[in-house]
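The values are calculated or read from the model by the stated rules, or taken from the named source; none is laboratory data. Because the structure is predicted, anything quoted here is derived from the model rather than measured. We place every Cβ from the backbone using ideal geometry, glycine too, and count neighbours over all the protein chains shown. Side chains included, ligands, DNA and RNA excluded: accessible areas come from the protein's heavy atoms. Shrake-Rupley method; radii C 1.70, N 1.55, O 1.52, S 1.80 Å.
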Amino acid sequence: MTRDLLRLDLAIIFGDISVLEGESMGLLQALQWIKGLGFSKALFELDAKGIVDVVQNMEADWSEFGKIIRQCRFILSSEPLFKVQYARRQATSCSCDCKSIFQYGIFRRFSGDGEAERGGSRRAAVQEHWLPMSNLDLLLPPLDFGIFFCYKKITENNLSPENMVAVLKKALAEALVSFYPFAGEIVQNRHGEPEILCNNRGVDFSYAYADVELKDVDLYRPDVSVDGKLVPVKMHGVLSVQVTELKCGGLFIGCSFDHRAADAHSANMFLTAWAEIAQGNPITLLPSFRRSLFNPRRPPQPHNSLDKIYAPLLSMPPPPSADDHDHLTSRIYYVRSNEIDRIQSQASYNGTRRSKIESFSAFLWKSIAGGGDRSKTIKLGIVIDGRTRLSGKTTSLDCYFGNVLSIPYVEASVDELQTTSLKGVADIVHECVVAASTAEHFLALIDWVEMRRPKPAVVKVYCKDENDEAAIVVSSGQRFPVQELDFGWGGPDFGSYHFPWGGETGYVMPMRSASGNGDWIVYMHLMKRHLDLVETRASHVFRPFSSDYLNLANHDPL
């Protein structure tokens, strides 16, 4: 067994809180994180002697600080090999004897200091309030989605990694003033429905060092290199952030968002604002939390057709047991711009031009059907953003923070997909998209949810049937502002989503390459046999991503 040292230093970015509460919360976060990873032996060293003394003293304290200490004591009592001791150092840390955490060597997490950051200083004393979920938010089950992007070695501005992290922290604290729901937590109301408690609990922030160079990071297999390593596993709150410095001087920034609170558009707004603040610029799009925009009509006017797309969560059958020899796997590919144009051209005809995302979805749908049981069906869901559909002459939803999504889907047999031309399959996809791309569709969906509250509902494509060869959802990350995420040292060289959401339904998210040359970066979370099939049948389209692409991105298509 390989025995490596894991060093963890945490910071929590939040607003008004006492130093004692901040120090103790940092220790609690470290205890919870290491326990959650399954370690049974750990040494936690703090430079705050007062916190160490209080934790080891069993006297009762019923203050807010005391509540945190009691949680620390509870974990320590359940883990007898967890030890807390005082040490003269600059940050809270822990050392664990464990199996290799990062396959490339030692993996360390740390923050610039162990004291709680005091973000949100522009706000006065924090007044807790509850931000309700809209009816469209309530369609999202508890899911986290990740976004990560990387910068090759920074040679300009003479910025050290520590200085860059300091810039990120300071700007993050200021961004949370406007995007304050990200600093809260999701709780249940008396009806059992989720809502956001805006209590300024903070955002978990970690700064990591990985003893590996960018060229050796296996971005093609994010389950190995990204999940829980470059994108943090969110343990608490609505948002977690991790910055990882590489041996070569490269830098990764990974974020994990609670999907119940925000969709990709909302996350994009936040990331853009964070970068703008870091450069000393005003926020271009200030978020709006105006939930009344999504109030149901009186009386509600749901459409019966929505019963084919959505269903009460409790009425859905449990998914079948996964095959031990096959499971959902994440991979990242790049698709050359000329291949995207070629697919779009083949999917269009007689002056009818299909969109790139419709053409790509049809091509993927047809490719997955290439080796399946001809009698089975494949479901294809398309994520539709309702902001442009619901925006009126006087109301724009570009700034709206929350979920404004619908996921209509279509299904076809493997035999039908194999025998139908790409143009014909693209027609089916287009009809599915058009049917849900109206204001009336979203207004009826809001009403549909209202008629069934507080019973939770879910889109049916999430639940794969026994007769399904596959069920996949395709979203579009074309609006991901990867080239705009300049925190003062240039834009990133790569960015991708990471969404291993579990279950048996696949997920695909294509986004623009950071190179700006028209290529796509495609995150795919599908059954392994379907990924292998796609790579075999369309290897000229789906090319496994490697760090070599970062040097080839500006070359002509191969």
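Looking at (1) charged (D, E, K, R); (2) open to solvent by 10 Å² or more (accessible area, probe 1.4 Å); (3) over 23 Å from Gly371 (Cβ atoms); (4) in contact with a Pro (Cβ under 9 Å, 6 or more places away or on another chain), which is the only condition Glu466 fails?
Result: Glu466 passes all but (3).
It is to be established whether one or more residues within the range 144-154 are in contact with an Asp or Glu (Cβ under 9 Å, 6 or more places away or on another chain), more than 30 Å from Arg512 (Cβ to Cβ), open to solvent by less than 40 Å² (accessible area, probe 1.4 Å) and touching a residue at least 12 places away in the same chain (Cβ under 8 Å). Spell out how you get there, then give the answer.
Of all residues in the range 144-154, those in contact with an Asp or Glu (Cβ under 9 Å, 6 or more places away or on another chain) come to 144-146, 149-152.
Then drop every residue that is not more than 30 Å from Arg512 (Cβ to Cβ), which leaves none.
No, the range 144-154 contains no residue that is in contact with an Asp or Glu (Cβ under 9 Å, 6 or more places away or on another chain), more than 30 Å from Arg512 (Cβ to Cβ), open to solvent by less than 40 Å² (accessible area, probe 1.4 Å) and touching a residue at least 12 places away in the same chain (Cβ under 8 Å).
Out of the residues in the range 518-552 that are among the polar types (S, T, N, Q) and under 25 Å from the mean Cα position of the chain (by Cα), which is most open to solvent (accessible area, probe 1.4 Å)? So that I can check it myself, show each step before the final result.
Filtering the range 518-552 down to residues among the polar types (S, T, N, Q) leaves 536, 539, 546-547, 551.
Cutting the leftovers down to under 25 Å from the mean Cα position of the chain (by Cα) gives us 546-547.
Working: Ser546: 47, Ser547: 17 Å².
Checked the range 518-552; the qualifying residue most open to solvent (accessible area, probe 1.4 Å) is Ser546.
List the number of the failed condition for Phe82; all other conditions in (1) at pLDDT 85 or above; (2) out of contact with any Leu (no Cβ under 8 Å at 6 or more places or on another chain) hold.
(2)
Could you list, in sequence order, all residues of the range 155-184 that are open to solvent by 50 Å² or more (accessible area, probe 1.4 Å) and either touching a His at 6+ places or on another chain (Cβ under 6 Å) or of a type in the set (S, T, N, Q) (or both)?
Once the filter is applied, which keeps residues that are open to solvent by 50 Å² or more (accessible area, probe 1.4 Å) and either touching a His at 6+ places or on another chain (Cβ under 6 Å) or of a type in the set (S, T, N, Q) (or both), the range 155-184 yields Thr155, Asn157, Asn158, Asn163.
Within the range 221-242, how many residues are assigned to a strand (DSSP E or B) and hydrophobic (A, V, I, L, M, F, W, C)? Show your work before the answer.
The first filter runs over the range 221-242 and keeps only residues assigned to a strand (DSSP E or B), leaving 227, 231, 239-242.
Those left that are additionally hydrophobic (A, V, I, L, M, F, W, C): 231, 239, 241.
Total satisfying the criteria: 3.
Look through Leu286, Leu239, Leu214 and report the one residue that is of a type outside the set (Ser, Thr, Tyr), under 22 Å from the mean Cα position of the chain (by Cα) and surrounded by fewer than 15 Cβ atoms within 10 Å (Cβ to Cβ). Spell out how you get there, then give the answer.
Working: Leu239 fails: surrounded by fewer than 15 Cβ atoms within 10 Å (Cβ to Cβ); Leu214 fails: surrounded by fewer than 15 Cβ atoms within 10 Å (Cβ to Cβ).
Result of the check over Leu286, Leu239, Leu214: Leu286.
Which ones in the range 360-394 are more than 17 Å from Ile428 (Cβ to Cβ), of a type in the set (Ser, Thr, Tyr) and touching a Leu at 6+ places or on another chain (Cβ under 7 Å)?
If the condition is that a residue be more than 17 Å from Ile428 (Cβ to Cβ), of a type in the set (Ser, Thr, Tyr) and touching a Leu at 6+ places or on another chain (Cβ under 7 Å), then Ser391 is the only one that fits.
Restricted to the range 430-445, and to residues that are among the small types (Gly, Ala, Ser) and assigned to a helix (DSSP H, G or I), which residue is most open to solvent (accessible area, probe 1.4 Å)? Before you say what the answer is, go through the steps one by one.
Filtering the range 430-445 for residues among the small types (Gly, Ala, Ser) gives 435-437, 439, 444.
Then keep just the ones that are assigned to a helix (DSSP H, G or I); that gives 435-436, 439, 444.
Numbers: Ala435: 70, Ala436: 1, Ala439: 37, Ala444: 0 Å².
By that ranking, first place goes to Ala435.
Among (1) hydrophobic (A, V, I, L, M, F, W, C); (2) more than 26 Å from the chain's Cα centre (by Cα); (3) surrounded by fewer than 21 Cβ atoms within 10 Å (Cβ to Cβ); (4) at pLDDT 80 or above, which single condition is Leu131 missing?
Condition not satisfied by Leu131: (2).
Pairs only if they're at least six apart or on different chains, beta carbon under 8 angstrom, first in the range 419-432 and touching a residue at least 40 places away in the same chain (Cβ under 8 Å), second open to solvent by 50 Å² or more (accessible area, probe 1.4 Å) and of a type outside the set (Asp, Glu); list them, first residue then second.
Thr420/Lys366; Leu422/Gln346; Leu422/Lys366; Lys423/Gln346; Lys423/Tyr349; Val425/Lys366
Could you check the range 253-269 and list, in sequence order, the residues that are open to solvent by less than 10 Å² (accessible area, probe 1.4 Å) and either assigned to a loop (DSSP other than H, G, I, E, B) or closer than 22 Å to Asn135 by Cα (or both)? Before the answer, list the steps.
The first filter runs over the range 253-269 and keeps only residues open to solvent by less than 10 Å² (accessible area, probe 1.4 Å), leaving 253-258, 261-263, 266-267.
Of everything in the range 253-269, those that are open to solvent by less than 10 Å² (accessible area, probe 1.4 Å) and either assigned to a loop (DSSP other than H, G, I, E, B) or closer than 22 Å to Asn135 by Cα (or both) turn out to be Phe257, Asp258, Ala261, Ala262, Asp263, Ser266, Ala267.
Specify which of the listed residues (Arg512, Arg537, Arg529) is among the basic types (Lys, Arg) and closer than 18 Å to Cys150 by Cα.
On the way: Arg537 fails: closer than 18 Å to Cys150 by Cα; Arg529 fails: closer than 18 Å to Cys150 by Cα.
It is Arg512.
Looking at (1) open to solvent by 10 Å² or more (accessible area, probe 1.4 Å); (2) touching a Leu at 6+ places or on another chain (Cβ under 9 Å); (3) part of a helix (DSSP H, G or I); (4) within 19 Å of Ser292 (Cβ to Cβ), which is the one condition that is false for Trp448?
(1)
Quick one: is Gly506 out of contact with any Pro (no Cβ under 7 Å at 6 or more places or on another chain) and open to solvent by less than 20 Å² (accessible area, probe 1.4 Å)?
Values: out of contact with any Pro (no Cβ under 7 Å at 6 or more places or on another chain): yes; open to solvent by less than 20 Å² (accessible area, probe 1.4 Å): yes.
Spelling it out, Gly506 is indeed out of contact with any Pro (no Cβ under 7 Å at 6 or more places or on another chain) and open to solvent by less than 20 Å² (accessible area, probe 1.4 Å).
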